[in-house]
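Read through the structure below, which is laid out as structure tokens, and then see the notes.
What follows is calculated from the coordinates using simple rules that are stated; it is not laboratory data. Quick caveat, the model's predicted, so the values are computed rather than measured. Glycine also receives a Cβ, built like all others from the backbone with ideal geometry; neighbour counts cover every protein chain displayed.
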Number of protein chains: 2
Amino acid sequence: MSTLEHEMLEIGRRARIAANALRLASGDQRTAALHAIAQRLRARAKAIAAANEADVAAAQRNGLDEALVDRLNLDLAGATALAESVATIAAQPDPVGAITEDWTRPNGLRIQRVRTPIGVIGMIFESRPNVAADAGALALRSGNAVILRGGSDSAATVAAIVEELRTALNETGLPQDAIQLVPTQDRAAVGLMLAGLNGAIDVLIPRGGKSLVTRVQSEARVPVFAHLEGICHTYVHRAADSAKAKAIVINAKMRRVAVCGATETLLIDKTIAPQLLPQISAALREAGCELRGDEAARAITSVNAATEEDWRTEYLAPVLSVRVVTGIEQAIEHIARYGSQHTESIITEDADTAARFLREVDSAIVLHNASTQFADGGEFGFGGEIGIATGRLHARGPVGAEQLTTFKYVIHGDGQIRP
Amino acid sequence: MSTLEHEMLEIGRRARIAANALRLASGDQRTAALHAIAQRLRARAKAIAAANEADVAAAQRNGLDEALVDRLNLDLAGATALAESVATIAAQPDPVGAITEDWTRPNGLRIQRVRTPIGVIGMIFESRPNVAADAGALALRSGNAVILRGGSDSAATVAAIVEELRTALNETGLPQDAIQLVPTQDRAAVGLMLAGLNGAIDVLIPRGGKSLVTRVQSEARVPVFAHLEGICHTYVHRAADSAKAKAIVINAKMRRVAVCGATETLLIDKTIAPQLLPQISAALREAGCELRGDEAARAITSVNAATEEDWRTEYLAPVLSVRVVTGIEQAIEHIARYGSQHTESIITEDADTAARFLREVDSAIVLHNASTQFADGGEFGFGGEIGIATGRLHARGPVGAEQLTTFKYVIHGDGQIRP
């Protein structure tokens, strides 16, 4: 066994022991630890921002591209925001121990379904250092241990953050190893995590670019909560309110173009397109967005031509593909064919059509008359998110503390035997 | 591509198309199909029993061991019971479309969490032919398509059953391919299912012996709901009621010894063992059960010696290992070390001790003063079960229609954009 393998298995072993202790800790104790974490992050925001300055300077020296440096950046305000984010998670209801179902059988057996922690979460992420604080806090809120593996660019910032989390755990009498950071940037460490560290990891959550998520999804030997991409659609139905449609499309595309909930394709009914598409197109262009349309769209407004590839592309940039459709059926078909089962919205004043769209579109999140950029754990009221999942099992959509739990059946009897 | 591979991928493709249709079918339509299935199974019970006679005769000719022939057996009463089982599942509430959470955000967005079908279930099972009817019915109740792969021993019986299920689907206007049977016994077909049939299978459920489940768990490239074994414990606490303890232990072990919920190890407090263990031991021996005890147990009652291996063994036979423990801590420790996270029961009149056991034992099912043999979907009121899961993600314990669903978030807005 290599030194690295030995070291990683040891991290897994310690995480499992911490998870067992955490599973039995009270909700109050975990809440106290979350408040202690928020307090320490607030008190130490300057030191964290200083560590981040070093990361950013190194990234610039290494010629990292601007967008990546931007993701990495955590100034004093950002470092302070970490604390607020943890405080919000601390205020969330404790999911552990919640009874979600409760029934009594004819023989008198009372059966309860009770939420319990999953166990150990393996978190593999890239540049954004705030993921360390959010993931640590959400894992703790849900009674799970977490093993964090950050990217090399943000290594100093993440180490500074995790140091505070662990100190706060220690201060409140919880095991430090409930939150561990993989101390090496050796890529083989990721391979070992994907293999599950000898059964020590119950679920993996990758956060980062497509190549990271693809690798995790294809090689992991344990379950994965993830989304590979967010090819989100906004569909403007013929009965749409024009003002709402315009405001929502612009927000859905341009509020932030690099988030997974940004709309990448606009579908618009052919009966409303001649009147509405030119307005939307003008507003988007004014905001700096390039449009790529199908033939029908180009007959209405002067935009670049979309190719087949455009329908399959998550731009994460100020680019929007536009297709004119004959109606809801074609819109739903397009989404089923090209979408990533992430988030889709319909804009219409017709309640029946909206109901049909919400029912038939098979995505993690479907919206009526609202921006796809609401695809976010904070906006759902989860106090944050550890990731967004487009898989169909266990977790789906924004993953907050509740989706980081499993359950057990607790049965209360009085001597029942089975006939 | 081999002919087999082509054929299997085609089955997967058809299952996915059927799943999409089924997802949009109404609950009433699926209920009608379930009633039609029950009716056909009832009407054709004789033909199914006749097909089974052929399977049984062939098995006997091939010298299959008696226990396996017994599992295979489906006489006229058994064939009729299939129909009753399906009728029970038809009467279960439709999980699809159920709103499990519903809240409104400060910005007016109303978020609902709605149950939806998973998609396509791959079911790999061995001798028991009734699995085909139960799995088909539970998949249909939950809006999923299913691909069934039975064992060679029960091939004729399973084919006869599936024929009726498909005819009933057809009669009620649902796609026949919502329930498909792999028509070959070529073992490579299983390998192709484990690889997911090109993304056509969302989850695999193996039902059968340890070697089948081990293979599925280690080779599957898609999620698996399963239990490898049920090493279930009954713990008799010092404050146990003697009569309840005796009745429950005997039932938990001997009602049926070959089910996964059968107790394999008895843990008993040292303060109560001298008085109670001889009675339990005498009753079990009278019922034909062999006991294997640790040293302390053997000092109290004359039984064979248990080895370390016994604590790790799922006998599925009239054998019970017995260990005398110092108290609840040692009992919980023993279960954590040797158990399979399936089902464990505590017998005590002390409510605090019971609560501690129910909280600290990390198994899919924990019981107080009841037999471990209640680990069964029918006994839970699920109308049946497609399997029992000891994994921690998505499904746990008896898997009925509800656990065969996933969910989506449906968001109702009125023009909201994200600031």
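A few remarks follow.
- Remark: relative contact order (chain B) = 18 percent; criterion is Cα-Cα distance under 8 angstrom and separation of 6 or more residues.
- Distances, shortest first, from the label point of B:Arg110 to those at the same position in the other copies read 3.4 nm; the point lies 7 Å along Cα to C-beta.
- Measuring between their Cα centroids, region A:1-77 and region A:294-345 lie 39 Å from each other.
- Percent antiparallel among DSSP beta bridges (both partners in the protein assembly as shown, rounded to 5): 25 percent
- Other residues lying with their Cβ under 13 Å from the Cβ of A:Lys210 contribute a combined charge of 0, Lys and Arg counting +1, Asp and Glu -1.
- Rounded to 10°, Cα long-axis angle of helix A:27-43 versus longest principal axis of chain A: 70 degrees
- Sum of side-chain charges, B:Ile231 neighbourhood, beta-carbon under 11 Å (Lys, Arg +1; Asp, Glu -1): -3
- Between identical copies, the spacing of B:Ala351 label points, each set 7 Å from Cα toward the C-beta atom, reads 4.8 nm from nearest to farthest.
- Here the scattering of region A:1-42 is modelled by Debye summation over its C-alpha atoms, one equal scatterer each and no solvent; at q = 0.18, 0.28, 0.35 Å⁻¹ the log10 of I(q)/I(0) is -0.67, -0.87, -1.01.
- Residue of chain A with the Cβ closest to the rotation axis carrying A onto B, and that distance rounded to whole Å: A:His394, 2.
- Between A:Thr353, A:Thr116, A:Thr31, the GNM of chain A built on Cα springs shorter than 10 angstrom shows A:Thr353 fluctuating the most.
- Given in Å, the Rg to one decimal and the Dmax to the nearest whole number for the Cα atoms of the protein assembly as shown are 28.6, 93.
- Estimated translational D of region B:232-378 in µm²/s (Stokes, Kirkwood radius over Cα pairs; 10 °C; 1.306 mPa s): 109 µm²/s
- Ascending count of other beta-carbon atoms within 10 Å, so fewest first, for B:Ser152, B:Ser127: B:Ser152, B:Ser127
- Long-range amide H partners of B:Gly208 with built H, under 5 Å: none
- Reachable lysines from A:Lys270, criterion Cα separation under 21 angstrom, eight or more residues apart if same chain: A:Lys244, A:Lys246, A:Lys253
- Measuring gaps between exposed loop sites in chain B (trypsin sites (Lys or Arg not before Pro); DSSP loop; at most 14 other Cβ atoms within 10 Å), the longest gap, sites not included, is B:1-186.
- Taking amide H atoms as placed 1.01 Å from N in the peptide plane, the amide H of A:Val224 lies under 5 Å from those of A:Leu204, each 5 or more residues away in sequence or on another chain.
- The calculated 222 nm mean residue ellipticity attributable to helices in chain A amounts to -13500 deg cm²/dmol, summing -39500 (n - 2.57) over DSSP H runs of n ≥ 4 and dividing by all residues.
- Each copy carries a label point for A:Pro419 at 7 Å from Cα toward Cβ; from one copy, the others' points are 6.3 nm away, ordered from shortest.
- Rounded to whole numbers, the Karplus 3J(HN,Hα) couplings from phi for region B:242-257 are 4, 5, 4, 4, 4, 4, 6, 4, 5, 5, 4, 8, 9, 3, 9, 7 Hz, using 6.51 cos²θ - 1.76 cosθ + 1.60 with θ = phi - 60°, and x at Gly and Pro.
- Summing charges over neighbours of A:Ser281, with a neighbour being any other residue whose Cβ is under 14 Å away from its Cβ, gives +3 when K and R count +1 and D and E count -1.
- Candidates A:Ala58, A:Ala145, A:Ala240, ranked by Gaussian network fluctuation over chain A, Cα under 10 Å, top entry: A:Ala58
- Computed from Cα positions, the angle between helix A:76-90 and the longest principal axis of chain A comes to roughly 70 degrees.
- GNM remark for chain B: springs join alpha carbons under 10 Å apart, and the peak mean-square fluctuation among B:Ala282, B:Ala49, B:Ala273 falls on B:Ala282.
- Shape category assigned to chain B from the gyration tensor of Cα positions, a/c cut at 1.5: oblate
- Degrees separating the helix A:351-360 axis from the principal Cα axis of chain A, which is the longest one: 50 degrees
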